[in-house]
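For reference, the structure is listed below as structure tokens.
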């Protein structure tokens, strides 16, 4: 996919969020595993985390689609909408991880490196 220069900051922010959400997914998978399988009891214990992660991942997928649409259209309005949506996702994720990063196995240094870098501002 060709990415116009005006969309590259949104793509960088998207990739940063995707990286952290991947780490969060792995962390939750390890927490609910029992003998290499998902334990229903452990998943019940972490039901709120699983829900929050599912919502965040679905928003990330929506952002992927919006970025792809904006890249195809190459119109300023579409680029701004894509950038705004990605910024909202990054801001929400930064808030969650600032408050509960340790619960997700994410250090504050990782949050800063991925979500508070010049590329994601």
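What to note about this one:
- In plain terms, the chain from residue 33 to residue 12 could stretch by 4.4 nm, reckoned as 0.36 nm per residue minus the Cα-Cα distance.
- Computed [θ] at 222 nm, helices only, for the chain once each DSSP H run of length n ≥ 4 contributes -39500 (n - 2.57): -25000 deg cm²/dmol
- Distance distribution P(r), the stretch 5-120, all Cα-Cα pairs, bin width 5 angstrom from 0: 2, 12, 21, 20, 16, 12, 9, 5, 2, 1, 0 percent.
- Take the Cα of residue 91, step 7 Å toward its Cβ, do the same at residue 69, and the gap between the two points is 2.0 nm.
- Footprinting exposure proxy for 8, 42 (fewest neighbouring C-beta atoms within 10 Å first): 8, 42
- For 89, 67, order by how many other beta-carbon atoms lie within 10 Å, fewest first: 89, 67
Laboratory data are not the source of any read-out in this text; all were calculated from the coordinates shown. This one's a predicted model, so the numbers in the text were calculated from it and none came from an experiment. We place every Cβ from the backbone using ideal geometry, glycine too, and count neighbours over all the protein chains shown.
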